[in-house]
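Peer 1: The following block contains the structure, expressed as structure tokens.
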Amino acid sequence: MKKHNYRTKNVNEINWPELRQQLGGGAVTFAVDVAKAQQYALLTDAAQNVSALVKWELLETTALIQGLQQLGCPVTVVMESTGTYGDAMRHQFRQAGFDIWQASAKRVHDAKEIFDGVPSLHDAKAACLIAKLHKEGLTKPWHELDEAGRALNAARREYDLHQSQYGRNQNRLEAYLGRHWPEVLALFDLDSVTLEKLLVAYGSPQDIAADAEQAAKQLLEACVVADEGLKEMAALIGKLTAAILIGLHLDPRNFSNAQGFLKALGLNLTEKSSGQYHGQLKISKRGSAVARKYLYLAALRLIQRDPVIGEWYRAKADPKIKMKTVIACLRKLAKALWHVARGERFDARKLVTI
């Protein structure tokens, strides 16, 4: 396979009228590799017979959009989903009336050697790969968070901030208790409410962290209560977990099927082979670890509180590999959540067979 040349032109060097004539009014794809300052994109027709590699600085984005509008044809912008550098630019593209699609950064990375045989990746090449992945149908429409979703995402970040600080202070507390009051750790767990109240009575940084965390948690839960469509989800997995899923762009209502939602969470099964494992099916873990953490806790609560799920778990669980059964329950819960988000009532008897 011959080496591919990735020659680029600055946006100000593009002859837009000439390009418009070459494209003939057909729909075009504008595949963008987002960077901190210098941006690269491949402009191409549907068959990828006519194309132009464009580069521009962020301050030149307005000129770029004006050039794309001069083409007089439908424009689909495809961008990777990672980072925040592309957010402002994506907003400008959407305001200009362009369709926005999302490409997986993992797929772009994995395809780096497929098309030109060279195991390297740079900005111009990444833009070409994004265009090829879109042509192959390996991208998806970009769902923007609405105002309520953005509020949830902000509240989630605030909650994570306090949760992180709480965890660090809890570790410090354990160290100081080990020095000044080692006996108490034999009587109470470190996260015991009784221990917390006892320490608050004597004064501790922990009370500030706990109060701040509770306030952020209440804000998240209030956002969920205000959304009529989230009530059934919240009843199944809890208000906090529902809020965190929405804030992480993992609203089940935005996925066309339950399997797609499962994959976005990193709970789809993939075959793993290594020195330890040979052909075993394990969850991919490619989705958000935060989302999996809270759904895992929701699955544990479901096993404890739902009699049908509890009976199924006790019948299936092997004492040596209990985690495997919990993961199975977690996957079932995620699939059920997709249906619940569409207005169905949760029925554990549909989920498991006893």
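The values are calculated or read from the model by the stated rules, or taken from the named source; none is laboratory data. Just so it is clear, the structure is predicted and the values come from calculations on it, not from any experiment. FYI the Cβ positions are ideal-geometry reconstructions off the backbone, even for glycines, and counts take in every protein chain you see.
Peer 1: In the stretch 298-343, which residues are in contact (Cβ under 8 Å) with a residue 60 or more places away in the chain and assigned to a loop (DSSP other than H, G, I, E, B)?
Peer 2: Hits for the stretch 298-343 are Ala341, Arg342, Gly343.
Peer 1: Considering Asp318, Asp251, Asp306, Asp227, which residue is exposed (fewer than 14 other Cβ atoms within 10 Å of the Cβ) and not aliphatic (A, V, I, L, M)?
Peer 2: Result of the check over Asp318, Asp251, Asp306, Asp227: Asp318.
Peer 1: Which of (1) in contact with a Lys or Arg (Cβ under 9 Å, 6 or more places away or on another chain); (2) within 24 Å of Thr44 (Cβ to Cβ); (3) modelled with pLDDT of 85 or more is the odd one out, the single condition Tyr159 does not satisfy?
Peer 2: Single failed check for Tyr159: (2).
Peer 1: Can you tell me which residue among Gln21, Gln48, Gln39 is of a type outside the set (A, V, I, L, M, F, W, C), in the same structural domain as Ile130 (by TED's automatic domain parsing), farther than 22 Å from Lys125 by Cβ and out of contact with any Gly (no Cβ under 8 Å at 6 or more places or on another chain)?
Peer 2: Gln21
Peer 1: While we're on this one: If I ask for residues that are assigned to a helix (DSSP H, G or I) and surrounded by 15 or more Cβ atoms within 10 Å (Cβ to Cβ), which ones from the stretch 282-296 would you list?
Peer 2: Within the stretch 282-296, Val290, Ala291, Arg292, Tyr294, Leu295, Tyr296 qualify.
Peer 1: I've got another one for you. So Gln48 clears everything in (1) buried (at least 19 other Cβ atoms within 10 Å of the Cβ); (2) closer than 17 Å to Tyr6 by Cβ except one condition, right? Which one?
Peer 2: Of (1) buried (at least 19 other Cβ atoms within 10 Å of the Cβ); (2) closer than 17 Å to Tyr6 by Cβ, only one is false for Gln48: (1).
Peer 1: Can I ask one more? Looking at the stretch 23-45 only, could you name the residues that are farther than 30 Å from Thr84 by Cβ and either aliphatic (A, V, I, L, M) or surrounded by 15 or more Cβ atoms within 10 Å (Cβ to Cβ) (or both)?
Peer 2: Leu23, Asp45
Peer 1: Specify which of the listed residues (Gln39, Gln48) is part of a strand (DSSP E or B), closer than 22 Å to His109 by Cα and at pLDDT below 95.
Peer 2: Step by step, each of Gln39, Gln48 is checked, and only Gln39 is part of a strand (DSSP E or B), closer than 22 Å to His109 by Cα and at pLDDT below 95.
Peer 1: Let me ask something else. For the stretch 210-243, which residues satisfy the criterion of being under 18 Å from Val193 (Cβ atoms) and modelled with pLDDT under 70?
Peer 2: Ala210, Asp211, Ala212, Glu213, Gln214, Ala215, Lys217, Gln218
Peer 1: A further question on this structure: Quick check, is Leu185 among the hydrophobic types (A, V, I, L, M, F, W, C) and closer than 20 Å to His249 by Cα?
Peer 2: no
Peer 1: Report, by residue number, each residue of the stretch 51-103 that is without any contact (Cβ under 8 Å) to a residue 24 or more places away in the chain, more than 12 Å from Val34 (Cα to Cα) and part of a helix (DSSP H, G or I).
Peer 2: Those that are without any contact (Cβ under 8 Å) to a residue 24 or more places away in the chain, more than 12 Å from Val34 (Cα to Cα) and part of a helix (DSSP H, G or I): Leu59, Gln66, His91, Gln95.
Peer 1: Condition first: of a type in the set (A, V, I, L, M, F, W, C), more than 15 Å from Ile130 (Cβ to Cβ) and assigned by TED's automatic domain parsing to the domain that holds Asp123. Can you find one or more residues in the stretch 82-91 that meet it?
Peer 2: yes
Peer 1: How many residues does the stretch 75-127 contain that are acidic (Asp, Glu) and surrounded by 15 or more Cβ atoms within 10 Å (Cβ to Cβ)?
Peer 2: 4
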